[in-house]
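Beneath this line is the structure, given in C-alpha cells, with notes to follow.
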Amino acid sequence: MHFEVIGKDGERLQGYYSDLFGWQIDADNPMKYGSVQRDGNTNSDGVGIGGGVGVGPEGYDGHVTFYVEVPDVEAALAKAEELGGSRAMGPDEVMEGLVIGLFTDPEGHLVGVVSGRS
C-alpha cells in the first residue's frame with residue numbers, strides 16, 4: 001500500500017528520486033516528509049503505489065521498506081513475531097486514525113503494517 005525511503009538527508013533523497021523517476025514529491029508539511037501520490041505514479045496499466053521520502057531521526061542511517069494494509073496492526077505484529085520476526089515499533093497512531101507498526105523478518109528486512117484511512 002505504501003513505500004518509504006528514509007535517510008540522513010531527506011531533501012537530497014527527495015531530489016534524487018524525483019529526478020530519477022519523475023516523481024512529484026510534496027514535502028510541504030511540518031515533518032518535511034515527501035509524499036508521492038499514487039495518482040501520477042502508475043504504469044500504462046494503471047498499476048502503481050504511493051509512498052514517501054524523508055529524513056530519519058539524528059544518528060539513524062535510514063531504511064527502505066514497504067507497508068502492507070492490515071485490519072489490526074497489533075495482531076499482525078504479534079503474528080510476525082510468532083513466525084520468527086522481531087517487532088521494531090508499534091503499534092503507534094502517527095496521525096488521527098492511522099496506526100502503523102514495523103517489524104523485521106527472520107533475515108532482518110524491515111517491513112511495515114498499517115491500518116486506518118487509505
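Below are the figures for this structure:
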read-out	value
Residue that is at pLDDT 90 or above, touching a Phe, Trp or Tyr at 6+ places or on another chain (Cβ under 8 Å) and either surrounded by 11 or more Cβ atoms within 10 Å (Cβ to Cβ) or under 19 Å from residue 98 (Cβ atoms) (or both), where the choices are 10, 15	10
Residue within the stretch 44-61 that is of a type in the set (Phe, Trp, Tyr) and under 19 Å from residue 116 (Cβ atoms) present	no
Residue 33 being surrounded by 11 or more Cβ atoms within 10 Å (Cβ to Cβ), in contact with a helix residue (DSSP H, G or I) (Cβ under 9 Å, 6 or more places away or on another chain) and hydroxyl-bearing (Ser, Thr, Tyr)	yes
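Matching residues to (1) at pLDDT 95 or above; (2) in contact with a helix residue (DSSP H, G or I) (Cβ under 7 Å, 6 or more places away or on another chain); (3) surrounded by 19 or more Cβ atoms within 10 Å (Cβ to Cβ):
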| site | (1), (2), (3) |
| --- | --- |
| 57 | no, no, no |
| 66 | no, no, no |
| 69 | no, no, no |
| 74 | yes, no, no |
| 77 | yes, no, yes |
| 83 | no, no, no |
| 88 | yes, no, no |
| 97 | no, no, no |
| 111 | no, no, no |
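The values are calculated or read from the model by the stated rules, or taken from the named source; none is laboratory data. Note that this is a predicted model, so its numbers are computed, not measured. Note: ideal-geometry Cβ built from the backbone for every residue, glycine included; neighbour counts use all protein chains shown.
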